[in-house]
Structure formats: C-alpha cells, structure tokens
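The structure under discussion appears below in the form of structure tokens.
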Amino acid sequence: MRTSLSALLLSGILASCSMSQTKTTSEVNSIKTATMSNKEIVGTFLGAVLKNDAETMRKLANSDYIQHNPFLPTGLEPFIQMLPVLQENGTTAENIRMFQDGNYVFMHNIWRNAKPFGADEMVSFDIIRIDENGKVAEHWDAMTPLVKETVNGRTQTDGPTDVRDLDKTEANKALAKALVEDVLMGKNPNKITDYISAETYHQHNPDIKDGLQGIVEAVEYLSSQNNMFQYTKIHKVLGQGNFVLTVSEGNWNNTNNVFYDLFRIDNDKIVEHWDVIQPIPTEGLANDNGMFGFKND
C-alpha cells in the first residue's frame, strides 16, 4: 500500500493542471522555455505527466529534481518510473487556482480516486520551483481529505480565483506574514482586527464558521480541549496580487504539522481563507529533504 501511495502522491498532484495550460511534445520542441512564463513551464510539464510523456518531462525538468513529499524518492527518473501507477489507479486531479511568485508556482488542487491516500477525494496545495535555466527543479505539497459537509456551508476550494491588485503583492505578503506572526504565533493576538475584515471574512476550513466570530468560537473550543494549534515558524510566504500563501510549521493534536494557509486580501484586509494542515511524518520516509527547505529567493 505504501508503494501505491508513494507513487500516486506526487503523480496526482502534478496532474492537477487544466489541460488548457498544457502543451504537446511538438510544441515544446518548437518553443524554448526562455519564452515561456513559469506557469506555462509548469503547465507543460504537468501535461506531460498526464500523458506519461517521459521525453517532454526530461526536457523540462532537472534530473536531480528535488522532492519534498516525504513519501516519494527524490530525482526525476524515480518519478517517471512511478507514472504508470497513476493510470492503473485512475487518480486524477483538478486545478482550482494557480499563481506565480518569481520562480515559484503555487497551486490549489482537488484529487479524485485517491483511496491510496485514505480518502476518495483530497485537497492539496502544491509548490513548484523553476530554476534560473527555466527547468522544473523542486516540489513541495500538503494534503487533507475533502469534507462534504462544513460548518460554514462552503467547500474547501470554492470562491474567487481571479488575481487582482498586482501592484499590492508585496504589501499583501507582508500583511499575511504579520497576521501569522501576531495572531497564529501568539505575539500580539489582540491585533487580529488589524488584519482580518470585521465586515466580510469567508472561511473555508470545514470546522470553522464564517467571520471573526467563527475564529473566536474555534479558538475557545480548541482551548477548552487543550488542543489549540501553535504555529512556531514561517518557512515561506508566496503571493500574487490579492492572494498570499504562507507555509508554516507548528504543533496540533500532539503532532508536528505543516500549515498551508491561503489568504485573499481586499482593501488591505484579509477577507477569505483556505487551508491544508498535514502531520509531518517521521517514519517510512522516501527522502531526507524534509517538507520545508525553501531557499531565500
């Protein structure tokens, strides 16, 4: 079972890009990656993954492709060798959102036929780094089961997808980072209204209600259970316009976890939130790269 899970884990994620963003092998042969955006490079690579097109994958990715999914071996060839398992299990995924921040492309995806992971449907965040030569170089992810019934009536992935306010990218990244530091890391939790809109706050965590009151109720309940999540370190902040993704580490349910939080910002306030929380495994690891290890670029 672990072999199947390991094989599908990255395959399902990397198959998540919509086909409209992919290119054929002949198109790759005629277009240099230097003329393609990082989104287009990722989209083309993912199209090759969907088709088990090893030739195109080798053209677009480094042979020493670095894997941060703890259950998958690092390197491009081990990944290519696993692709047939994707077709055997019928695992597919749908890309909901795709953003670009410099040489990083980050995505919000839904997996289907994902029983090897423990659930029929899963939600994931994925990050791919493109190197200075325009090659797919590195991958990070986190995933959680898709929940059908949520306390806020929203799904874990619905909501706006359009990128706006590109001129505010850096300011919005700073706002999201400050929220995590002050509120989620507990440096100054009383400043929550400095960051989150008191008028409109759409929540996509399936266990938390909409609005600031939903956050207050969740904190009160988790605290009463002596199970309040504790963020301890921010590893990466990525953004494009009004969307910002923070990747953090912390403790919850007596385990060490990775926290992926996607925020939508409007008029200098956070108005929407999606997340994925995944325990960081310590056994059965296929690589020693860890789930973080981001470069300072």
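The values are calculated or read from the model by the stated rules, or taken from the named source; none is laboratory data. Computed from a predicted structure; not experimentally measured. For neighbour counting, all protein chains shown are included, and Cβ atoms are generated from backbone atoms with ideal geometry for every residue, glycine included. Note: areas computed on protein heavy atoms with side chains; ligands, DNA, RNA excluded. Shrake-Rupley method; radii C 1.70, N 1.55, O 1.52, S 1.80 Å.
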Exercise for the section: State the percentage of accessible surface on the stretch 153-280 attributable to carbon and sulfur atoms; use a 1.4 Å probe and exclude ligands, DNA and RNA. Expected result: 46 percent
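Just the accessible area per residue of the chain, please: how many Å² with a 1.4 Å probe? Don't jump to the answer; show the numbers that get you there.
Values: 13230 Å² over 297 residues.
I get 45 Å² per residue for the chain.
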Problem - Extension gain (nm, one decimal) between ASN253 and ASP194, 0.36 nm per residue minus Cα-Cα - result: 18.4 nm
Practice task
Determine Rg/Rh for the stretch 36-146; Rg is computed over alpha-carbon atoms and Rh is the Kirkwood hydrodynamic estimate from the same atoms.
Solution key: 0.94
Exercise for the section: With no solvent and one equal point scatterer per Cα, compute the Debye intensity ratio I(q)/I(0) for the stretch 197-294 at 0.12 Å⁻¹ and report its log10, rounded to two decimals. Expected result: -0.46
Problem - Cα-only Debye scattering, the chain: base-10 log of I(q)/I(0) at q = 0.14 Å⁻¹ - result: -1.05
Handout entry: With all protein chains modelled, accessible area of ARG264 [1.4 Å, Å²]
Key = 40 Å²
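If you take every DSSP beta bridge fully contained in the chain, what fraction is antiparallel? Give it as a percent rounded to 5. Could the numbers behind the result be given before it?
Values: 56 of 62 bridges.
So the antiparallel bridges amount to about 90 percent of the total.
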Exercise for the section: In nm, give the distance between the simple-model label positions of ARG164 and GLN230, each being 7 Å from the Cα along the Cα-to-Cβ direction. Expected result: 3.9 nm
Problem - Mean residue ellipticity (222 nm) of the chain, computed from DSSP H runs ≥ 4 via -39,500 (n - 2.57), nearest 500 - result: -8000 deg cm²/dmol
Practice task
Leaving ligands, DNA and RNA out of it, report the carbon-plus-sulfur percent of the accessible area of the stretch 82-122 at a 1.4 Å probe.
Solution key: 44 percent
